[in-house]
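Everything on this sheet refers to the single structure shown next.
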Amino acid sequence: MSADKMTDSWEKLDRLGADVSEKLNLRQAFADDPKRFDRFNVSLDDLFVDYSKNLISDDVMVALRELATAANVEGWRDRMFAGDRINVTENRAVLHTALRNLDGGSIEVDGEDVMPAIKDVLSRLKAFAARVHSGAWKGHTGKKITDVVNIGIGGSDLGPVMVNEALRPYHVDGIRCHFVSNVDGAHIVDTLKHLDAQTTLFIIASKTFTTDETLTNAYSARDWLIKALGDENAVAKHFVAVSTALEKVAAFGIDTENAFGFWDWVGGRYSLWSAIGLPIILAVGYDKFEELLRGAQAMDTHFKTAPLDANIPVTLALIGVWYRNVLGASSQAILPYDQHLSRLPAYLQQADMESNGKSVTRDGQPIAYETGPIIWGEPGTNGQHAFYQLIHQGTELIPVDFIVAAKALHPLSNHHDKLVANCFAQAEALMRGKTEAEVRDELAGGDLSPAEIDVLAPQKVFAGNKPSTMILYKQLDPFTLGRLVAMYEHKIFVQGIIWNVNSYDQWGVELGKQLAKELLPMVQGTENAGSRDASTAGLIKQMQSLRS
Ligand code: F6P
């Protein structure tokens, strides 16, 4: 990376930022330039991204692309796809893209092609799912499996949860998937309450197989099963595992014949494409899972080959950097107008915030600029009746991604038309706003007095000029979902490169885990909490007195 060029680019962007803040009015920009929509969009087949309602100009986009070039985004991208160890703090390659490289050639890590092992695990997953679906895989008492419980957390949970919800219309009959992640016993107790141990299969999903929440839930599930079936040998037919640590799987008591591996170059939050996707395969069938992989593969190819100005992930990333670092936005809202994408914001919270929530550079220097934004959101139209008020009339600048399909996968087309109309209306309302003159015109037609109008008018003004990006595609099928998720993965990658952080480690999760281990005996009352700070010690004491 050229430090001078980076500095020049930032300085240019700062100047443009001052200019845009002072002068750019989106309503006016659309009125002045009938080609604005035609110029500010990028697409991949039916996947269409309209970014014309953002606070940008041609000069801004040019300067942002110069920044990407100065940061050597394309060079880093090629290193990632080639299997270089770009996760420097863990000395690992970053190769979730290899997991969907179904039609590509070999990819080497340390001189070894990873593709044969990937394909081998895929074919084992396919065969296993086929046995579960057909009933050839039987529970301990000879019954067919009807319920699958995935026990995992973070990346070993959120991806499959999100995808299984997104692909609900594709679920196969005869099998239900459940997810237990929280160490809060309520999660597993509530989940198991209505299940029959004879027909339940547990997937213990953990990259490291050391995660306390997952192991605690796994042991409780094991106890439940043995108690219900009265035989320890039942575990073999009711537990399978997904992990990179197969020796730890064996130590837990799961036959490694029933374990599916993946590799240290797959980050947890990038792992749904690996064997971590087993609950997806069981829910929708292997062929649909492969379509998901192929969608991601199509986005990978686009990301690798499209020039910067036609590149979807690059464009989204640069617009995000513009808001975060130049215009001062602290969050990014993800608002899918699709009930099936209800878990996408939560999934992207981990993907983005665990990746780019960093404050030192790759080589450990403190960072003096903003990095990853807060990611949040809910599906529309629900959000409209909850938090949109603040986006429209609050004091925060909140860039929004709207996500919507042209066609529904259900027969209620009148619902879908309303959904789409609401989605486009919100983007338009954010952009246009409503001036005081327009408000006063509207009120003048009613029965309010001029004095009452003076009081009410300012409340009803919408400042407008609020940015959004519209992500529109034909329908939410597995292929499109794969493209969408990979699109966000690469957006996060590009931003990480520009911010010069390692997007593939997550040291920030460690301290809490370590302290929870230390506090456990104090919470249990077997150790004195006197050594802790007054608040922590006081809380433990207070909690114990509430228990007694
Ligand atoms: O604590 C954070 C984290 O390490 C995530 O990065 C990861 O996805 C999650 O925990 C679960 O880890 P594992 O799959 O190893 O159980």
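The values are calculated or read from the model by the stated rules, or taken from the named source; none is laboratory data. Just so you know, these numbers come straight off a predicted model, no measurement behind them. All Cβ positions, glycine included, derive from the backbone under ideal geometry; neighbour counts span all protein chains shown. Each accessible area value is taken on the protein alone, full model and side chains, heavy atoms only, with ligands, DNA and RNA left out. Shrake-Rupley method; radii C 1.70, N 1.55, O 1.52, S 1.80 Å.
Numbers for the structure displayed
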item	result
Hits in region 369-425 (condition: farther than 18 Å from Ser331 by Cβ, outside any helix (DSSP H, G or I) and not β-branched (Val, Ile, Thr))	Ala405, Ala406, Lys407, Ala408, Leu409, His410, Pro411, Leu412
Qualifying helices (runs of 4 or more DSSP H) (wholly inside region 30-107; at least 3 residues being open to solvent by less than 10 Å² (accessible area, probe 1.4 Å))	58-70
Flag if Leu195 is part of a loop (DSSP other than H, G, I, E, B) and either among the acidic types (Asp, Glu) or without any contact (Cβ under 8 Å) to a residue 60 or more places away in the chain (or both)	yes
Subset of region 3-29 that is over 19 Å from Asn465 (Cβ atoms) and polar (S, T, N, Q) - its residue that is modelled with the highest pLDDT	Ser9
Residues within region 218-242 that are part of a helix (DSSP H, G or I) and either open to solvent by less than 40 Å² (accessible area, probe 1.4 Å) or among the aromatic types (Phe, Trp, Tyr) (or both), tallied	10
Those residues of region 342-393 which are under 21 Å from the mean Cα position of the chain (by Cα) and basic (Lys, Arg), in sequence order	Arg343, Lys358
Selected residue (only one of Ile276, Ile281 is at pLDDT 95 or above, within 16 Å of the ligand (Cβ to nearest atom), in a helix (DSSP H, G or I) and of a type outside the set (Lys, Arg))	Ile276
Any hit, region 492-512, residues being among the charged types (D, E, K, R), touching a helix residue (DSSP H, G or I) at 6+ places or on another chain (Cβ under 7 Å) and either modelled with pLDDT of 95 or more or under 16 Å from Ala317 (Cβ atoms) (or both)	no
Some residue of region 476-485 being within 16 Å of the ligand (Cβ to nearest atom) and open to solvent by less than 40 Å² (accessible area, probe 1.4 Å)	yes
Complete set of residues in region 311-345 that are of a type in the set (A, V, I, L, M, F, W, C), open to solvent by less than 10 Å² (accessible area, probe 1.4 Å), farther than 12 Å from Gly377 by Cα and not in a helix (DSSP H, G or I)	Ala329
Single match in Ile151, Ile145, Ile107, Ile86 (criterion: without any contact (Cβ under 8 Å) to a residue 40 or more places away in the chain and either among the β-branched types (Val, Ile, Thr) or within 16 Å of the ligand (Cβ to nearest atom) (or both))	Ile107
Options Leu390, Leu308, Leu348, Leu409: the member that is open to solvent by less than 70 Å² (accessible area, probe 1.4 Å) and either more than 16 Å from the ligand (Cβ to nearest atom) or free of Cβ contacts under 8 Å to residues at least 24 places away in the same chain (or both)	Leu308
The lone exception for Asp255 - which of (1) modelled with pLDDT under 95; (2) closer than 26 Å to Met353 by Cα it fails	(2)
Of the criteria (1) over 30 Å from Gln506 (Cα atoms); (2) touching a His at 6+ places or on another chain (Cβ under 9 Å), which one Val49 fails	(2)
In region 108-145, residue surrounded by the most Cβ atoms within 10 Å (Cβ to Cβ) [restricted to those that are of a type in the set (Gly, Ala, Ser) and in a helix (DSSP H, G or I)]	Ala129
Filter result for Pro169 (on the phi < 0 side of the Ramachandran plot and more than 16 Å from the ligand (Cβ to nearest atom))	yes
Residue check, Glu247 open to solvent by 30 Å² or more (accessible area, probe 1.4 Å), within 16 Å of the ligand (Cβ to nearest atom) and modelled with pLDDT under 95	yes
Region 426-462, residues that are part of a loop (DSSP other than H, G, I, E, B) and open to solvent by less than 80 Å² (accessible area, probe 1.4 Å)	Gly433, Thr435, Gly445, Gly446, Leu448, Ser449, Val461
Count of region 175-219 residues which are on the phi < 0 side of the Ramachandran plot, within 16 Å of the ligand (Cβ to nearest atom) and not charged (D, E, K, R)	21
Count - residues of region 1-44 that are without any contact (Cβ under 8 Å) to a residue 12 or more places away in the chain and closer than 23 Å to Lys407 by Cβ	1
Members of region 250-264 that are farther than 21 Å from Asp223 by Cα and more than 14 Å from the ligand (Cβ to nearest atom)	Glu257
Per-region count, region 357-368, residues open to solvent by 90 Å² or more (accessible area, probe 1.4 Å) and in a loop (DSSP other than H, G, I, E, B)	3
Residues satisfying the stated conditions in region 165-215, i.e. under 22 Å from the mean Cα position of the chain (by Cα), among the polar types (S, T, N, Q) and open to solvent by 10 Å² or more (accessible area, probe 1.4 Å)	Ser181, Asn182, Thr208, Thr211
Long-range neighbours under 6 Å by Cβ, at least six apart or interchain, first residue farther than 18 Å from Gly159 by Cα within region 178-190, second at pLDDT 95 or above and of a type in the set (Asp, Glu)	Val183/Glu213
Any hit, region 495-511, residues being within 16 Å of the ligand (Cβ to nearest atom), over 22 Å from the mean Cα position of the chain (by Cα) and farther than 21 Å from Glu291 by Cα	yes
